[in-house]
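K.L.:
Below is the structure I would like to discuss, written out as structure tokens.
The values are calculated or read from the model by the stated rules, or taken from the named source; none is laboratory data. Just so it is clear, the structure is predicted and the values come from calculations on it, not from any experiment. Note that we place each Cβ from the backbone using ideal geometry, even for glycine, and neighbour counts take in every protein chain shown. In case anyone asks, the SASA skips ligands and DNA or RNA and just uses the protein heavy atoms, side chains included. Shrake-Rupley method; radii C 1.70, N 1.55, O 1.52, S 1.80 Å.
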Amino acid sequence: MTRHSAQYNHHFRFLPRSLQVVQCVLQDFDVVYAPLISSYGSATATLEHSPSTAVSVFITYLTPPLQQRMHETEGAYNLCLMDGVQLLEGLALQAHLDGAHPVAVHASAYNYNHQSGTLHLPFSNPGSSPVALAEIPAAGRTYPALTQVQMQAALRTALKGVTAAQLPGASGPSSHPLHKLDTLPSIQHDQLGGAEECLSTDGLDDWILSNLDQTTLR
């Protein structure tokens, strides 16, 4: 199973620590934000097809009891079998770029993908787009990338004045389509500092804490 980040303490804190986790490179995908704020306040991740991108991920080898525990903690995600992929096992991204050979190449892998797909945000440039996790290394990245703090600030800006019932995808007549959300500042791939300046973080901690009990965000 591929994993995007080191959230294993959350998943397995009540079980013996016997995980085998191997660094890999996944071709033609990127790790992007999912339309989910977790119960602990984080903007979460999922995979998105991204031709010519190579992204750093991890394979987790799970025993049956640990696999069952993983299933129990992935309520907003579907376990999917990815076929026809190129997952290079045993490589850091830089080693891959330097021409190192993987321990193995897998054409299929199981992965948890979010049930609602990928979060798109309405930037003035490049427009509506998935948003990559800036903290996760990738080569040939084509999607705009934000850090966790920047994404939290972007969500607060885009959702200003929007109630839970009006979130895109919510049931009922009051749901807002994405284009009715507030447009975010232009995001340039090589100017993350500019994005941080445009997206104020003043009072952001309070906004994040207010989301912990907001189950509609999950």
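K.L.:
So which residues in the stretch 56-89 are surrounded by 12 or more Cβ atoms within 10 Å (Cβ to Cβ), under 19 Å from residue 28 (Cβ atoms) and not polar (S, T, N, Q), if there are any at all?
P.N.:
The answer is 57, 58, 59, 80, 82, 85, 87, 88, 89.
K.L.:
Report every pair of residues separated by at least 6 positions or lying on different chains whose Cβ atoms are under 7 Å apart, first residue within the stretch 85-104 and without any contact (Cβ under 8 Å) to a residue 12 or more places away in the chain, second part of a loop (DSSP other than H, G, I, E, B) and open to solvent by less than 40 Å² (accessible area, probe 1.4 Å).
P.N.:
Matching pairs, first to second residue: 100/91.
K.L.:
Working carefully through the options 72, 48, find the one that is modelled with pLDDT under 95 and among the charged types (D, E, K, R).
P.N.:
72
K.L.:
Here's something else I'd like to know. Starting from residues that are open to solvent by less than 10 Å² (accessible area, probe 1.4 Å) and within 19 Å of residue 79 (Cβ to Cβ), keep the ones in the stretch 13-37 and report whichever is modelled with the lowest pLDDT.
P.N.:
Among residues in the stretch 13-37 that are open to solvent by less than 10 Å² (accessible area, probe 1.4 Å) and within 19 Å of residue 79 (Cβ to Cβ), the one modelled with the lowest pLDDT is 34.
K.L.:
Suppose the filter is of a type outside the set (A, V, I, L, M, F, W, C) and either open to solvent by 60 Å² or more (accessible area, probe 1.4 Å) or free of Cβ contacts under 8 Å to residues at least 24 places away in the same chain (or both); does residue 128 pass it?
P.N.:
Against the criterion (of a type outside the set (A, V, I, L, M, F, W, C) and either open to solvent by 60 Å² or more (accessible area, probe 1.4 Å) or free of Cβ contacts under 8 Å to residues at least 24 places away in the same chain (or both)), residue 128 qualifies.
K.L.:
Another question about this same structure. Answer yes if at least one residue in the stretch 49-58 is part of a loop (DSSP other than H, G, I, E, B) and of a type outside the set (Ser, Thr, Tyr), and no otherwise.
P.N.:
no
K.L.:
Oh, and also: State yes or no: is residue 157 of a type in the set (Val, Ile, Thr), over 13 Å from the mean Cα position of the chain (by Cα), farther than 20 Å from residue 25 by Cα and at pLDDT 65 or above?
P.N.:
Numbers: of a type in the set (Val, Ile, Thr): yes; over 13 Å from the mean Cα position of the chain (by Cα): yes; farther than 20 Å from residue 25 by Cα: yes; at pLDDT 65 or above: yes.
Against the criterion (of a type in the set (Val, Ile, Thr), over 13 Å from the mean Cα position of the chain (by Cα), farther than 20 Å from residue 25 by Cα and at pLDDT 65 or above), residue 157 qualifies.
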